[in-house]
Amino acid sequence: MPTFSNIKDLEKYVQGKVKDTIKSPQVLNVFRHAMVDSVYTEVYDYYERSYDAGSLSDARNMVFTKHKLNGNTFASDFENLTSDSMDGYFFSELIENGSDVQHTSSNSENGWYNPDEKWAEPRPFAKATAEKLDKTTYNKHLKKALEQGINN
């Protein structure tokens, strides 16, 4: 363990360790598993999908897009970047918020072929992911991954 001659150097060291740890594959995997679980429970319970590769549940589409340090608070944006293959936009917002999302698509006025169907209702998988990371066993796995990263 390094030694520090002042609090600023210690603070800088800890912030660097936290930043590196948040970017680690272990932390990313916990986030991905929680989101895949949420996609299945919040989205796929409404309809039968035809494939997994490239779909909303494909963990390769789930990434940290931004890391921010504000004082002693570190925040990260974790997003599902699955896109509509025809229009090229990210449709996770349509799934999360339902037909209330105002997105102009070549397919329809708001991104849905038929916004009155049950499957066009909000299916908040991102919100469910955040809750799982906060209140379920995923929280324990996340803490363990963070501890391992900081202690390395």
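Name every residue in the stretch 1-25 that is assigned to a loop (DSSP other than H, G, I, E, B) and either in contact (Cβ under 8 Å) with a residue 12 or more places away in the chain or touching a Lys or Arg at 6+ places or on another chain (Cβ under 7 Å) (or both), in order of residue number.
The answer is Lys23, Ser24.
Please verify whether the stretch 138-150 includes one or more residues that are within 23 Å of Tyr44 (Cβ to Cβ), modelled with pLDDT of 60 or more, under 17 Å from the mean Cα position of the chain (by Cα) and among the hydrophobic types (A, V, I, L, M, F, W, C).
No, the stretch 138-150 has no match at all.
The values are calculated or read from the model by the stated rules, or taken from the named source; none is laboratory data. As the structure is a prediction and not an experimental result, all values here were calculated from the model. Neighbour counts are summed over all protein chains in view; Cβ atoms, including those assigned to glycine, are modelled from backbone coordinates with ideal geometry.
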